[in-house]
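FYI, it's all coordinate maths here, none of it is from the lab. All values reported here derive from a predicted model rather than from experimental measurement. All Cβ positions, glycine included, derive from the backbone under ideal geometry; neighbour counts span all protein chains shown.
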Amino acid sequence: MDLSTINPLVLIASLMVAATPILLAALGELVVEKAGVLNLGVEGMMITGAICGFAIAVETQSPALGFLAAMAGAALLSLIFGVLTQILLANQVATGLALTLFGLGLSALLGQGYNGLKPPPTGKLDLGPLGDVPVLGKVLFSHDMIVYVSLALVVAVWAMLRYTRLGLILRAVGENHDAAHALGYKVVRIRLAAITFGGACAGLGGAYLSLVRVPQWTDGMTAGAGWIALAIVVFASWKPGRALLGAYLFGGVTVLQLNLQAAGLAVPVQYLSMSPYLITILVLVIMSADRGRAALSAPACLGRVFHASS
Amino acid sequence: MKFGSILAGVALALGLGGAALAQDKVKVGFVYVGPINDGGWSQHHHESALKMKEHFGDKIDFVFQESVPEGADAERTMTQMALSGADLIFTTSFGYMDPTINVAAKFPDVKFEHATGYKTADNVSVYSARFYEGRAITGFLAGKMTKSNKIGYIASFPIPEVIRGINSTYIHAKKANPDVQLSVIWINTWFDPAKEADATQALLDQGVDVVLAHTDSTAPLAVLEKAGGYGFGQAADMAEYAPAPRISSIIDEWAPYYIDRVQAVIDGTWESVNTWHGIKEGMVGIGEFSEVIPEQVRIEAESLKEAISAGDYHPFTGPLKKQDGTDWLAEGEVADDGTLAGMNFYVEGVTGDIPQ
């Protein structure tokens, strides 16, 4: 075993890439849950985004259009969930699960004929001399556009929730939809907007997988990333900064286990493969041990059906 | 029990109804582990099957099922094929071994051909290619082409076929370049492009610059194309990644075998056999050496291929030791097929453990 072959700086750069899809999806879901809606369809929206983005990028040879199409496609799918749960008042848990299964099937159908194709390359963002800065250059300034978009989104979501009127309204709807309604806020419309935003983020995360990280299309390629994103939202106790931490932690363990294998660490592969999931569970247990705080940070109306008459 | 008898009844009815119609037409079925457009293993089996279908034209019926998971689903799929009147079923993944044997026992009149396995029965043949001969050549090229002296290997499952490939790769990379180091990553799947891509990236992060894969997709090559480094086509030529990162490939040529075996069923001469062919018989093809390989190295690789093909050189020729330092083959001694078929140890110099 030779751990010195693992360069921590390179590791950080790789984990940022590995974590970006789940970070994007988690941020979207965080906003949705802050508005009081529990959408378990993240996986389905991600994979739909992955194929929409891939197909459009291949057809137009433009990754940028691909990413836009991914956001549009997944947002459209999330609107199905929105209409069912907000207007027709369907059960959110059941509808969300159905959305995941539907998304997996739909993406496999849309993806017929796109297996084995090569997407147009997504260029790295040229930050000029910044990329040549020793140490930091490789870690921070050598990525593609979407990595920076995801980081900017963390800051934007945090600032929006904390400092803006919009954030206040969103939180009000999530904490007590009846009171928000009494104040004259359009609860259903606000929630639909949040759900659409969540869908777009998940779609962007999915397209990052199919256009940058792999880059290729295959059925079921998100392989559970959507579920991890859901766990990270709880892990982060609905705070964007902690969502970043959670996503990078998860991405880090995933990348580290492959690196440890390549370095010849004598730990059975199966333990390494499950370690990211184990750590996620462990952190969730530790978090929820502090009952009062976990309960406080969850939006009070999370998952509850709203109707103006009630 | 009741369900079983209903099934049998349905089978009988189907069989009686279908027999009159399809008596003179041989029905051939294929079961694939991945999608038929995975760009590698399954796609290549399918293309070979299509060549076979083209050869026979209307004389046979051809059915296939793609993306069949190894395990209970495989057994269901094969049963379904047998029930619907297939005379010959090709099951094209190692993990189909036990399902094939189980289903074959239930349908003694249906013939089965299992790829890369080792269990046979009266109506089950096995066929495989000596991929390790191709691995000798790609390993040699990897040793010559690496600048960092580090090469990486993405391995699927710890089965003899994969371990043979790793050993053959290492032995010949070492011959080409005595300083070479081999890192192996096990990902426990034949087909998961995201995992294959991540594993490739992890190897590159550790200074590896030539990556060999024993998985089914083109994801490793896609990553290498983006990040730099060399790789090889696996199972299919993967020429869309030539001349770099794909510098050569191991191609599985199944079509002649498929034509042979279907002909045997048509003629009524089919027997259970154990086929293990290599470069000589044409079952293992070596893809064109790309122009990024220096001319001298190309010539050496070509002569290595010739020597293996002519039978002058066996990739497992002594002196060779096992990983733990015990003697395996003496000077000039050649490994026998039995040992190779059940190979469960690394040769000396390969680091890491085989997961159990």
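Mean per-residue shielding of peptide B:220-230 is 2, counting Cβ atoms of other chains within 10 Å of each Cβ. Dipole size of the protein assembly as shown about its Cα centre, with +1 on Lys/Arg Cβ and -1 on Asp/Glu Cβ: approximately 3100 debye, rounded to the nearest 20. Counting only Cβ charges, +1 for Lys and Arg and -1 for Asp and Glu, the dipole size of segment A:3-297 around its Cα centre is about 560 debye. Taking 0.36 nm per residue of separation and subtracting the Cα-Cα distance, full extension of the segment from A:Val285 to A:Lys124 would add 54.1 nm. Straight-line reach from B:Lys175: taking Cα to Cα under 26 Å and skipping same-chain neighbours fewer than 8 places apart, the lysines in range are B:Lys144, B:Lys147, B:Lys150, B:Lys280, B:Lys305, B:Lys321, B:Lys322. For segment A:152-209, a crude dipole built from +1 on the beta carbon of Lys and Arg and -1 on the beta carbon of Asp and Glu, taken about the Cα centre, is about 120 debye to the nearest 20. Helical runs assigned H by DSSP (4 residues or longer) give the protein assembly as shown a calculated mean residue ellipticity at 222 nm of -17500 deg cm²/dmol, each run adding -39500 (n - 2.57) before division by the residue total. Less than 18 Å apart at the alpha-carbon level, and either on another chain or at least 8 residues along: which lysines does that give for B:Lys59? Straight-line reach from B:Lys59, under 18 Å: B:Lys25, B:Lys27, B:Lys51, B:Lys111.
Counted residue by residue at 0.36 nm each, then reduced by the alpha carbon distance between them, the extension gain from A:Leu97 to A:Tyr277 reaches 62.8 nm.
Structural descriptor for chain B: relative contact order 16 percent, calculated from alpha carbon pairs under 8 angstrom and at least 6 residues apart. For A:Ser78, B:Ser93, B:Ser42, B:Ser48, the sequence from fewest to most other C-beta atoms within 10 Å is B:Ser48, B:Ser93, B:Ser42, A:Ser78. Among the residues of B:141-153, the average count of other protein chain beta-carbon atoms within 10 Å of the residue beta-carbon is 0.
Each DSSP beta bridge with both residues in the protein assembly as shown is either parallel or antiparallel, and the antiparallel ones are about 20%.
The mean number of Cβ atoms from other chains found within 10 Å of a Cβ in peptide A:216-224 is 5, as a whole number. Spin-label pair A:Ala193-B:Val334: with each label point 7 Å from Cα along the Cα-Cβ axis, the two points sit 7.7 nm from one another. Look at the dipole of segment B:255-356 built from charges on Cβ: of B:Gly285, B:Val273, B:Pro319, the Cα furthest out on the positive end belongs to B:Val273. Highest average first, the peptides B:235-241, B:60-66 ordered by how many other beta carbon atoms sit within 10 Å of their residues are B:235-241, B:60-66. Each distinct pair of alpha carbons in chain B adds a 1/r term; the inverse of their mean, the Kirkwood radius, is 21.2 Å. Report note on the peptides B:222-231, B:256-265, B:291-300: ranked by the mean count of other C-beta atoms within 10 Å, highest first, their order is B:222-231, B:256-265, B:291-300.
Please report how many Lys pairs in chain A have alpha carbons closer than 26 angstrom, counting only residues at least 8 apart along the chain or sitting on separate chains.
4
For segment B:198-223 versus segment A:88-120, the inter-centroid distance based on Cα atoms is 28 Å. Of all alpha-carbon pairs in the protein assembly as shown, indicate the percentage at a distance above 42 angstrom. Cα-Cα pairs of the protein assembly as shown separated by over 42 Å account for 34 percent. Comparing A:Ala18, A:Ala90, A:Ala202 in a Gaussian network model of chain A (Cα springs below 10 Å), the most mobile by mean-square fluctuation is A:Ala90. For A:Leu117 and B:Lys106, FRET efficiency with R0 = 56 Å and r from the beta-carbon atoms, rounded to 0.05? Plugging the Cβ-Cβ distance into 1/(1 + (r/R0)^6) gives 0.90.
Determine, from the Cβ-Cβ distance of B:Ala310 and A:Ile87 and an R0 of 60 Å, the FRET efficiency 1/(1 + (r/R0)^6), rounded to the nearest 0.05. Result of the calculation: an efficiency of 0.20. Based on alpha-carbon atoms, the Kirkwood radius and the radius of gyration of chain A give Rg/Rh equal to 0.99. Positive-end ranking of A:Ala69, A:Tyr185, A:Leu256 along the dipole of segment A:3-297, with charges on Cβ about the Cα centre, is headed by A:Tyr185. Between the residues A:Pro240, A:Leu110, B:Ala104, the greatest Cα displacement towards the positive end of the dipole of the protein assembly as shown, with unit charges on the Cβ of Lys, Arg, Asp and Glu, is found for A:Pro240. If you take the Cα centroid of segment A:16-62 and the Cα centroid of segment B:297-356, the two points sit 47 Å apart.
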